[in-house]
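Working notes for the structure below.
The values are calculated or read from the model by the stated rules, or taken from the named source; none is laboratory data. Here the structure is a predicted model, which is why all the values come from computation and not from measurement. Heads up, the Cβs are rebuilt from the backbone with ideal geometry, glycines too, and the neighbour counts pull from every protein chain shown.
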Amino acid sequence: MKNMFDSLDTLRDSFLDQLRTVRRASPHTLRAYAEDLRQFCAWREEKEKELSPESVRAYVASLTLERKLAKTTVARKAAALRAFFKYLQRQRVIAHSPAQELQTPKRPRTLPRALSEETVTALLAFPESARDRAILETLYAGGLRASELVALDLDDLTFDSENGEGELRLRNGKGNKERIALLGRPAMIALQAYLNTERPTLASQAKSTRPTSAVFLNRFGSRLSDRAVRRLFDSACGTISATHKLTPHTLRHSFATHLLDHGADLRVVQELLGHSDLSTTQVYTQVSTKRLKEVYEKAHPLAQPQKP
């Protein structure tokens, strides 16, 4: 067992490489798993623990009892350990996985938070620059993740001059799955305004003489980061919604919820979101049902409490 841990860094790198090349895990997942495994190894070395089911359980328990981490964080770190040791088992490095019987707290089932259509309208009107307006319009119209938005290249855009609509080819989705996102007329107007006015100016600031293919650029003429997109939402919080934190994913949740509110088929929404499993999309039906119930109780005379 000692020999295995002498080469733990190599084994960990091999596992992460397998996640990247075979399972095509996202960069975010790779970073999270790498850090989770690093923390476990540091804990084991500090506590001088042998690798065993008992030591793995003790580590996971310490995440809750000592570090006071949230259930979702503990569950993710436990998942990283299970995946790593299962990989070592398949590679015949270990005979049995010490995390095979690991019990972790169930993740709380929370409904995604969606904005009202009125709040979305206010959010889309918030930015002063053509670029930021195009960012918000594109995120909402296509139901994109922030990582998908910043990965867009000019070749990924398709314009339909007849109806003023467009399509986006998303090649860097979760799990590196490819899909098509649709853009309506308002989003296309905002996107074309940015491409025709601000983007050429931003591109001229690039230090490299080789033009970038990225759609969304920062002030240095380089590809915009998803962190910059999140900062845009942070700046809108105080003006648009002082009570709720706004994130790109909030807009994605709103995209799905509003489609269902207006009668879209669940499987169509699944395709537009790029979900592999329909059950992942079904959570949005609960949000729509809850909203319908609220409207019903406010509007129906017999659904309201009767006055004595």
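A few remarks follow.
- Answer residue from segment 188-201, given it is over 17 Å from residue 224 (Cβ atoms) and in contact with a strand residue (DSSP E or B) (Cβ under 9 Å, 6 or more places away or on another chain) and is surrounded by the fewest Cβ atoms within 10 Å (Cβ to Cβ) among those: 192
- Residue 68 being among the basic types (Lys, Arg), outside the structural domain of residue 251 (by TED's automatic domain parsing), farther than 20 Å from residue 258 by Cβ and surrounded by 12 or more Cβ atoms within 10 Å (Cβ to Cβ): no
- When segment 207-220 is filtered for residues that are more than 15 Å from residue 153 (Cβ to Cβ) and surrounded by 13 or more Cβ atoms within 10 Å (Cβ to Cβ), only 218 remains.
- Of all residues making up segment 175-218, the number that are within 16 Å of residue 146 (Cα to Cα) and of a type in the set (Val, Ile, Thr): 2
- Test result for residue 268, modelled with pLDDT of 75 or more and in the same structural domain as residue 170 (by TED's automatic domain parsing): yes
- The criterion of at least 2 residues that are aromatic (Phe, Trp, Tyr) and farther than 30 Å from residue 227 by Cβ is met, among helices (runs of 4 or more DSSP H) falling completely within segment 1-105, by 71-90.
- Residues satisfying the stated conditions in segment 235-286, i.e. of a type in the set (S, T, N, Q), surrounded by 15 or more Cβ atoms within 10 Å (Cβ to Cβ) and within 16 Å of the chain's Cα centre (by Cα): 247, 250, 254, 270, 281
- Flag for residue 259 being at pLDDT 85 or above, out of contact with any Cys (no Cβ under 6 Å at 6 or more places or on another chain) and not β-branched (Val, Ile, Thr): yes
- Put simply, of 60, 22, 74, 56 the only residue that is crowded, with 17+ Cβ neighbours inside 10 Å, of a type in the set (Val, Ile, Thr) and under 29 Å from residue 248 (Cα atoms) is 74.
- Verdict on residue 142 being closer than 19 Å to residue 256 by Cβ, at pLDDT 90 or above and assigned by TED's automatic domain parsing to the domain that holds residue 215: yes
- Test: residue in segment 183-201 that is assigned by TED's automatic domain parsing to the domain that holds residue 225 and under 24 Å from residue 27 (Cβ atoms): no
- Scanning segment 219-232 for residues that are over 16 Å from residue 144 (Cβ atoms) and either in a strand (DSSP E or B) or more than 19 Å from the chain's Cα centre (by Cα) (or both) returns 219, 220, 221, 222.
- Failed item, numbered, when residue 81 is tested on (1) surrounded by fewer than 15 Cβ atoms within 10 Å (Cβ to Cβ); (2) at pLDDT 90 or above; (3) within 29 Å of residue 279 (Cβ to Cβ): (1)
- Condition check for residue 54: in contact (Cβ under 8 Å) with a residue 40 or more places away in the chain and of a type in the set (Asp, Glu): no
- Scan segment 39-53 for residues that are aromatic (Phe, Trp, Tyr) and loosely packed, with under 12 Cβ neighbours inside 10 Å and the total you get is 0.
- Against the list (1) modelled with pLDDT under 90; (2) surrounded by 14 or more Cβ atoms within 10 Å (Cβ to Cβ), the condition residue 36 fails is (1).
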